[in-house]
Every structure is written in structure tokens, then in C-alpha cells.
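Data block below; observations after.
No lab work stands behind these numbers, since they all come straight from the coordinates. Everything numeric here is computed off the predicted structure, so don't read it as measured data. Positions of Cβ are backbone-derived with ideal geometry, glycine not excepted, and every protein chain shown enters the neighbour counts.
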Amino acid sequence: MRSVGEWMFGVTAALLASAAPVAAQTAAPGFANIFADHAVLQRGRPITLWGNAAPGETVTVRLGERSATAVAGPDGKWRATLPAMQAGGPYTLEVAGKASPAQTLSDIMVGDVFLCGGQSNMEFQVKHATGLEVIPSANDADLRFTTIPDTSRPTPAADLAARATWRQVSPETVGDASAVCYFMARSLRTSEKVPMGFIASEWGGTRIESWISAPALGTLPGFGEGLAAVATYGRDPAAAITADGARRERAWDAVDPTAKADRAFRAAAFDDQRWATVPADDGQLPAADRTGIEGAVWLRTAVDLTAEQAAAGRRIQLGPIGRFDETYINGHYVGGGSVDWAWRNYDLPAGVLRAGRNVVAIRAVKANGRMAFTNVSNRAIGLADGGVVPLAGPWRYRIGAPVRDDVRIAPAPWEVPNSLTTLYNGMIAPLSGYGLKLAAWYQGESNAGEAGAYRALMTGLMADWRRTFATPDLPFFVVQLTAFGKAQTVPTDSGWAALRQAQAEAVAADAHAGLAVTLDVGDRFDIHPAQKKIVGERLARLARVVAYGQSGPRTGPEASDAVRQGADIVVRFRNVTGGLQRYGGAGAIGFERCAGTTCSFVDGVVQGDTIVLPGANRPEVTAIRYAWSDAPFVNLFDGADLPAAPFNLSLK
């Protein structure tokens, strides 16, 4: 699992580099990069294959004894479809032209393919999960996986940047696999007995909006302006960055009365000799200034470049910076970040650097008494050949205006992890058409507090991916947010609980979706709970019912309604196996009765598949909530040891 610094390093560079079309493949016919040795192809449906060749060339594709032909279009792209096949293998997969050498891929299996997406809890690897004893015994050559490299693009990519690496599960490889996806697939292998492969396409800290295509996201309110900016970034990155710099200046003008006067600090000609000098060790400011910082810090340095270095300069690498920043070179805005202590690396438009003296100016916010950098060696001008010119200083600083904690400068809409559509473009679009059995989604932490929009976004993402993979009824399984955060002593509003409700509502409205409840395997002290085996196995339980047609409830107990009954309120549950159970106490805890927005705890009594809330039926009570907290303490399960799902129900 990557740190914030790791996943932010080079993001802007990758975006700018990707603004150009994907480089054409060689003239010899070849497969798209998702196809590789050891890959798994989906059984039971026509197998779509695609790739590149010389424009107009006729290519023949062979998988075992099956073959199909296709003609490359003017853009050099071809697409062919083989008849559906039963599970089996290994096969050789080959594409050849009439007079061109063939590309051959070996050890190809036909079975079931799963796509796993989301943020860091889906990214969380087996080697970090609870139960490391599973690794030595993980020998299953018919279970394979590939992980899509983190790739953010302003426009949909036609292909992955490099050939995928499909790996057979073994003690040497399994540690790198998505833990949730692996444990789901491992469980399904025990019952389905066919080859399986999973594609992990996830990026820690990212929002759901990043994973939806621009056409689909554009149908929802509030995204039009941001999507237009991303499109501009794809066509003309320099123009988009300049426009975004102007937007950020307008935002500063609204929160800082000194912002307009402070603009002089970014100019190359400004005389900063009276400013204090930052210590050269790790950027720690003197104690007197450190205690006084409640907002902005201006920082400046200069670097001398040769003409060759100026021409070869491609990016500025600054290391982690505080809450947000704007960075200027020679008075030109080159980038601004809005993620706390994430690495700042901005690509440089042509002409910004010059031979001789170049001035770097940064306005950083909430640096907690630091220069806004945490490692001197990270600061440099990156060159085209991979070399760097260090920004060795001296750095000078000036304490700026106070900025309230609740003030934020909105990120650019192409800035990971808050981008719009760019991860769909880089990590989903290149897979378009690949045969899938199901998709699993574990995300929501980065959207907590925005439940009002999340239900429509979740619904939109499921529909969008089904269109992308040409499977209208693709089973789609969602891991509900687990427990994390401060434990409650009194009922309170909860952004995490509201987002769980949005997830549940989106799934309930979809005949081909399922929800895995995970409240009982969270960690209120760690947003990355390590018990991923249970989560994966609950996804497998959903898959057996929804994707494989087995009988039984999709998930554990779900409240169907809450009704008044004399002096009591009765909550009725469905999908209960073996009756409701309460662990560790005489009553079921976590229930609340609510009169408008005022709620109070009430313990429940288990009676079969219902919970009775004694004495809760008062005239002012309008709703019943359960597990309505960021990190709820609950003890209600069923006979299958599945936790009751959280809910917020109006009274009947």
C-alpha cells in the first residue's frame, strides 16, 4: 500500500505526458497491452480481442483451435471476436498478418475474470493483511492476477502504457495482490473449480468521481465546468494550468485581504534579501515564527541554469507541502496542490525556464512551522534525461496572512486524488471490452460527508462500467464503509453513516448489485483495517448468489421496516439466517429513536427475526436508526455470523 507521497509523486508529469495520443505500435500486428502471458479470458461469452497493426492490414487471431480475422482501420486499430469457450487451457494466443511476424502469448486460460476497483482498502495488499499464514500455502497456478499501474489521463487512453504483468498465485507473488480481491477469488475457486483471474485497478485516496467517464459524469449536476477544464487540459495543458492559476488567485482574493499586495512576492525581480533564511537541515523554522504560523508562508529561492538545462527542464520537484500551495517560476504559475502533505511535482510549460537565474516562489498554507518541505533532497528541477538540478537554496521566507482551518482552495479537476474522470481514462478505458464475470468496488472514505451526491455517483459508476465492458447485467458488488473514527457516547450526525446509507440505497435499487457489510471488521484507530479475508469472503458470498445463481440470501440481516406496536417499536429484518443473535450482552445495542433531529439510545430485545425497542413508541418519535456513527459499537448478528446492516428508517 502506497503512502500519500508515493501516489502523488509524478502525478502532474504523468498527466501532461499523457495529454498526447498513445504512441502507435509497431507495424507488426500486436495485442493491446492488457493481453499478456498467463492472462485469463472470460468463459461463456464471445471473446473480444483487439490491438494494433498497419492500417488496412488483415490480421488473423487464434486461440487454441479457434480463429477470427479482422482488418486494421485507418488508425491502425483492429478488433476481433472469437466464439464463446468453456473453461480450460492453457492455450496459445496468436495474432499475425499476411506478411508480418506473429505475436504469440502463452499459458492463456479461459475461466472467470473479476475487476476490482476503488481506493486504498481495495489496494491494500495481502502481505499487509491479517493472517500471513496464508502466504506459504498460496499455490494455485489457475488463479492469476494483474495490477493496473496508477495512471491519470485527461482523455481516454486507447491502451495501457506497457504490457500487463499477469501472475500466477504463489507464495512469491501473492503478497503483492489486492487482499480483498484475492480472498474473494480464492473463496470462489473452492466452489466453482474453474480458472480465475482478477484485474486490480485502484488508487489510494481517490474519489469516486475520478473513476467515471466524462460522458457519464456529465449527466450529473455540478460537474460541467470541471469536465470542461479537464478537456482543455487534454488539448492544451499550458492554457489549462494558466486558467487554473487565475482561478486560484480569485479564491485567494476572497479569503486574504493581503493577497493582491502579496502577488509581488512571486515576481523574479522582487528583492527578498530582508526576508529570513530557512535553516538548511529539514526546513524547520525558528521557534518564534513556528508558533506564529496560522496560515500562509511565502518561500523563495533561485537556481542558475545553463542554456542546455533550461531547455531540458521538464518539471519542478518539491516534495511534500502542507495544506495547499501555489508555485511560480519567474512569475509564471506552474501548479498548485490541495492535498495535505502530498508531494508536489509540477510539469513546466516550454519557455518558463531560462538560461541564468531562475526564481522559484511558493505560497504554502498551514505548514505547521515548517518550510513546507520535509526533505531537502527532494527539491529540484527535473530534466528530460532523468537528471536533476537541485534547488539547494538558500530559501528565504515571509510569514503571510492567517488562514482559517476551514478555508480550502479547490484543487484543479485533473489533480489526483480529487480529479474528475482521469482515472477512468487511464485505468478503465484501456480495458474496455475485456470480458468480465463481475466487478467489486471498495471506495467511499474520500467521499465521506457527501452522501447526498454519492448515491447518484455510485449508480452512475455501475452503469458506466457496464457500458464500458458491454455487459448490461454485470454483477457489481460494493463493500460498505467499515467502522473508523471516534467512538460516540451520545447520538450524533455521522458522515460515514450517511455514506453507508447512500451505498445501501444505490445497491438496493440495482437488481444485479450486492452489498458487503463490514462494520464488525473495522478498526476505529486505523482507516486501513487489516482483516481483509472476511471482506473478501463476504464478496464471494454475494457472488455465489448474484453472479453464479446459487440459492440463499445475498447478505446478512437487513431491516425491512420499523412499526409502532403499543408502547414499543418493532424493527423487522429480512435475509436472516438462523435467527437474530446478540453477542456479549442481554440486549442489542446501537439503536436510536429520533424525534426530528434529536436522537437517543435505546436497547433492543431480540425476538426471532425482529428487534423490539421497549417503550420507544412516543408520539414525537419519527425514525429509528441503527449503527449511526463513524465507528459504531454493535452486537447484532444472525446465525451465519453476519452483521446486521446499518439503517435509518422512518416509522410506519
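Segment GLN531..TYR583, full-extension length gain: 16.8 nm, with 0.36 nm per residue of separation and the alpha-carbon distance subtracted.
Let me check against my output: what whole-number percent is the relative contact order of the range 524-652, with C-alpha pairs under 8 Å and at least 6 apart? Provide the component values of the computation, followed by the final result.
Numbers: 263 pairs, mean separation 34.9, N = 129.
Relative contact order comes out at 27 percent.
If the Kirkwood radius is taken over C-alpha pairs of the range 150-208, then at 20 °C and 1.002 mPa s the Stokes-Einstein diffusion coefficient equals 154 µm²/s.
Of all alpha-carbon pairs in the range 611-652, indicate the percentage at a distance above 12 angstrom. Intermediate values should be presented prior to the final figure.
Values: 594 of 861 pairs.
Cα-Cα pairs of the range 611-652 separated by over 12 Å account for 69 percent.
Just want the ordering: ASP406, ASP159, from fewest to most Cβ atoms lying within 10 Å of their own Cβ.
ASP406, ASP159
Amide H contacts under 5 Å for GLY556: VAL517, restricted to partners 5 or more places along the chain or on a different chain, H placed in the peptide plane at 1.01 Å from N.
Size of the dipole of the range 558-650 about the Cα centre, Lys and Arg at +1 and Asp and Glu at -1 on the beta carbon, nothing else charged, in debye to 20?
Values: 7 positive and 10 negative charges, 41 e Å.
It works out to roughly 200 debye.
Please work out whether the range 165-266 counts as rounded, prolate or oblate from its C-alpha gyration tensor, where a ≥ b ≥ c are the square roots of the eigenvalues and a/c under 1.5 means rounded, while otherwise a/b larger than b/c means prolate and anything else oblate? Here the range 165-266 falls in the prolate category. The lysines within cross-link reach of LYS260, meaning a Cα-to-Cα straight distance under 28 Å and a gap of 8 or more places when in the same chain, are LYS366.
Working note: Cα gyration tensor of the chain, eigenvalues times five, square-rooted, sorted largest first, giving semi-axes of 44, 38, 20 Å.
Using the Cα atoms of the range 82-192 to build a convex hull, what is its mean projected area in square nanometres? Can you show the working numbers first?
Working: hull surface 38.3 nm².
With the hull built on Cα positions only, its mean projection is 9.6 nm².
In order along the range 597-602, the Karplus-derived 3J(HN,Hα) couplings, from 6.51 cos²θ - 1.76 cosθ + 1.60 at θ = phi - 60°, round to 9, 9, 10, 9, 6, 8 Hz, and Gly and Pro are given as x.
Go through 510-516, 97-103 and give me the packing order, highest mean Cβ count within 10 Å leading. Write down the numbers at each step before the final one.
Numbers: 510-516: 20.1, 97-103: 13.9.
The peptides rank, most packed first, as 510-516, 97-103.
Residues THR146, THR69 in ascending order of nearby Cβ atoms (within 10 Å, fewest first): THR69, THR146.
When the Cα positions of PRO417, ALA448, GLY433 are compared along the charge dipole of the range 381-454, PRO417 comes out farthest toward the positive end, with charges on each C-beta of Lys, Arg, Asp and Glu.
Helix-only mean residue ellipticity at 222 nm, the chain, DSSP H runs n ≥ 4 weighted -39,500 (n - 2.57), per residue, nearest 500. What is it? If you can, show how the numbers build up before the last one.
Numbers: 14 runs with 133 residues, N = 652.
Helix-only estimate at 222 nm: -6000 deg cm²/dmol.
Between the range 472-528 and the range 443-463, the alpha-carbon centres lie 11 Å apart.
Add +1 for every Lys or Arg and -1 for every Asp or Glu among the other residues with Cβ under 9 Å from the Cβ of GLN119, and state the total.
Working: positive: ARG207; negative: GLU123, GLU202, GLU445.
Once positives and negatives cancel, what remains is -2.
Structural descriptor for the chain: relative contact order 14 percent, calculated from alpha carbon pairs under 8 angstrom and at least 6 residues apart.
Could you calculate the contour length gain from ASP262 to ALA158, that is, 0.36 nm times the residue separation minus the distance between their Cα atoms, to one decimal place in nm?
That pair, ASP262 and ALA158, stretches by 33.0 nm at full extension.
In terms of the mean number of neighbouring beta-carbon atoms within 10 Å, the peptides 357-364, 480-487 order highest first as 357-364, 480-487.
Once fully extended, how much extra length lies between THR60 and ALA84, figured as 0.36 nm per residue of separation less the alpha-carbon to alpha-carbon distance? All intermediate terms of the calculation are to be shown ahead of the outcome.
Values: separation 24, 0.36 × 24 = 8.64 nm, distance 1.71 nm.
Separation in residues times 0.36 nm, less the Cα-Cα distance, equals 6.9 nm.
What are the DSSP H helices in the chain that stretch 15 Å or more along their long axis, judged by alpha-carbon atoms, and whose average Kyte-Doolittle hydropathy comes to at least -0.5? Don't jump to the answer; show the numbers that get you there.
Values: long enough: 179-192 (19 Å, 0.19); 224-235 (17 Å, 0.18); 237-255 (27 Å, -0.33); 451-468 (25 Å, -0.16); 495-508 (20 Å, 0.18); 532-546 (21 Å, 0.21).
The qualifying helices are 179-192, 224-235, 237-255, 451-468, 495-508, 532-546.
Net charge near ALA240, counting Lys/Arg +1 and Asp/Glu -1 over other residues with Cβ under 12 Å of its Cβ? Before the final figure, lay out each step's value.
Numbers: positive: ARG235, ARG247; negative: ASP236, ASP244, ASP347, GLU415.
Overall, the nearby charge balance is -2.
For the range 558-650, the Stokes-Einstein estimate of translational diffusion at 20 °C and a viscosity of 1.002 mPa s comes to 164 µm²/s, using the Kirkwood hydrodynamic radius over alpha-carbon pairs. Note on HIS128, HIS528: ascending count of other Cβ atoms within 10 Å places them as HIS128, HIS528, the fewest first. With a simple spin-label model that places each label point 7 Å from the Cα along the Cα-to-Cβ direction, the separation between ARG574 and PHE601 comes to 3.1 nm. Placing pseudo-labels 7 Å out from each Cα toward the beta carbon at ARG404 and THR622 gives an inter-label distance of 2.9 nm. The label point for ARG250 and the one for ASP236, both projected 7 Å from the Cα toward the Cβ, are 1.7 nm apart.
Here the contact order of the range 66-187, divided by its residue count and restricted to Cα pairs under 8 Å and six or more residues apart, works out to 23 percent.
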